[in-house]
1. Name the aspartates and glutamates eligible as straight-distance cross-link partners of A:Lys71: C-alpha to C-alpha under 13 Å, and not fewer than 8 places from it in the same chain.
2. Loop by DSSP (not H, G, I, E, B), at most 16 other beta-carbon atoms within 10 Å: where is the longest site-free stretch of chain B for trypsin sites (Lys or Arg not before Pro)?
3. Please state, to two decimals, what the Cα-based radius of gyration of the range A:1-156 comes to when divided by 2.2 N^0.38 Å (N = residues).
4. With a 1.4 Å probe and every protein chain left in place, tell me how much accessible area A:Asp93 has, in Å² to the nearest 10.
5. Would you work out what percent of the accessible area of the protein assembly as shown, with all protein chains in place, is carbon or sulfur (probe 1.4 Å)?
6. Report the net charge of residues surrounding A:Thr167, where surrounding means a beta-carbon distance below 9 angstrom and charges are Lys +1, Arg +1, Asp -1, Glu -1.
7. Within the P(r) computed for the protein assembly as shown, what percentage of the Cα pairs occupies the region above 32 Å?
8. Give the aspartates and glutamates whose C-alpha is closer than 15 Å to that of A:Lys27, dropping any in the same chain fewer than 8 places away, or say none.
Amino acid sequence: MKIAVASGKGGTGKTTVAVNLALSLKKCTLVDCDVEEPNCAIFLNTSMQKLEEVRLPVPVFDLDRCTYCGKCADFCMYNAIAVFPEKLLFFQDMCHSCGGCAILCPENAVTESTRKIGEIDHARIAELDIYQGKLEVGEPLAVPIIRRVKEYAKDHSVVIYDAPPGTACPVIDTLKDADIALLVTEPTPFGLHDLKLAVDVVRKMNIPLGVIINRDGVGNDCVDRYCEEEGIEIVMRIPNDRRIAEMYSNGIPFIFELQEYREIMLQSYWRIYQIAEAGP
Amino acid sequence: MMEVTVISGKGGTGKTTLAAAFASLAQNAVLADCDVDAADLHLILDPLVEERRDFLGLKLAIKDEDKCIDCGRCLDHCRFSAISEDFEIIRDSCEGCAVCQLVCPEDAISMVDRISGEAFISSTRFGPMVHASLMAGEEASGKLVAMVREMARKVAKNSEKDLVLIDGPPGIGCPVIAAISGVSMVLVVTEPTLSGMHDLERVLGVAEHFKIPSAVIVNKADINEDNTNKIRTYCSERDVPFLGRLPYHDSATESMIKGQTLIEHVDNPLAPIIKDMWNKMEEILSE
């Protein structure tokens, strides 16, 4: 069973839900797929061991062979290569590592090397495994790291993915193969607007879903009304409690101090399991 | 013409709320919502769309079934897992690189445009605004960010505006890099939480990497005074201007529900603090 905790909007409490749910379940695997800003480890107060570097192929140009014909630049869909009469410029940040330039070069002047774009880290706390992908600062491509970090938990039985915010590439890659998407939102107009976008994506991908309202009570009832109209179940509510916000600010999972929430988390998990079983 | 991008590293720090407040303080600006994944600025600024343009994202490979001989070269060479075992193109995974077309011996693959979203030029009560929406599940948000910025610059030039104020995306990846490259300054909104501080460090690293001056604002500062002070110290050690701190206040949510900026929202203790931040930012920009 793979549970993706996503949200559309950032800062709604995805990591809070993912971490507290994982700690409540005790025996499971938590995968931090928010590789631009991985935060799960902060709340688990653990140091991570590096498992591997994520590297991507990158072209290397042999300028002794290059005739500056410009075919590679014409081919590159990402404008990563520019060729002038006696000069070739390569923009590493734009390269998607498709390998096309190496295939097509008529002079065999292009070979491939690799560059580091991030890393995969791991920690184990009792029966909880945590894997984290981490994008190198200044690198644009999050998706290859997400794909790689998910590989580690592929065969684990209960897996929680902490998804990145938004609805674009990194989220789609996190959601692929999930049995259920839990969409964390806040009961405000911003929260509702982004929830709708996220629901759209999840439905398009044909994944069962449930909503978790965080900071319940802070805004209005717009999210409740929307979920009712759309037939989406609200599987959990986390109240707008300053104690939770303060614990969060210090990197403390709230179930550690508010014991009653462990029970609420476990009950929600049972509901989450049933929704996933029922299918889309 | 100056460009300033509001970013946050972490989502939910109040980036859009602040960008909207700044929009109502800016006298002669074009607004650009570059958080194209979860664009929210329009919920407060209520733009009237005057012009819309299709966004062509990545190209998409399509296959001519009659020509395909199932040789599998496309599958062997595709690095994006976008060709299935039975040699069909998986739309969601295709990054439009055209390698499959390059290696196909039968000329069975062609590359087509794919409409991945829309961009808009609108008018608001605070001046022109450029924004966009990405279709559900479509990729290339960095490219859409670049399109929004390009349109905003043109609008600014044509209407003689001296500032483009950009509401940026969260994170440090492709869309963020597209939203900050070449701007005059980034304003980083953070909150005094351990995760907020972790993300602040990373996002300042990105700004530094691209040699863009930055300044920091702490929102919800009173949630954790210790951490707020640490951020302040951290900024002075790094020589990053600290523009100020905003306390947690219900008016942020109340104004959002009313569709008002924090400057418009009546009897709001946050407004003077934001005005002060804005003045400090203008000072830095004029240096």
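1. A:Glu107
2. B:126-210
3. Relative to the rule-of-thumb radius for its length, the range A:1-156 sits at 1.34.
4. 60
5. The C+S portion of the solvent-accessible surface of the protein assembly as shown is 48 percent.
6. Values: positive: none; negative: A:Asp194, A:Asp200, B:Asp37, B:Glu138.
Counting the neighbours of A:Thr167, the net charge comes to -4.
7. Taking all Cα-Cα pairs of the protein assembly as shown, the fraction more than 32 Å apart is 45 percent.
8. A:Glu127, A:Asp129, A:Asp155
The values are calculated or read from the model by the stated rules, or taken from the named source; none is laboratory data. What you see is a predicted model; the values in this text were computed from it and never measured. Reconstructed Cβ throughout: ideal geometry from the backbone, glycine too, with neighbour counts over all protein chains shown. Each accessible area value is taken on the protein alone, full model and side chains, heavy atoms only, with ligands, DNA and RNA left out. Shrake-Rupley method; radii C 1.70, N 1.55, O 1.52, S 1.80 Å.
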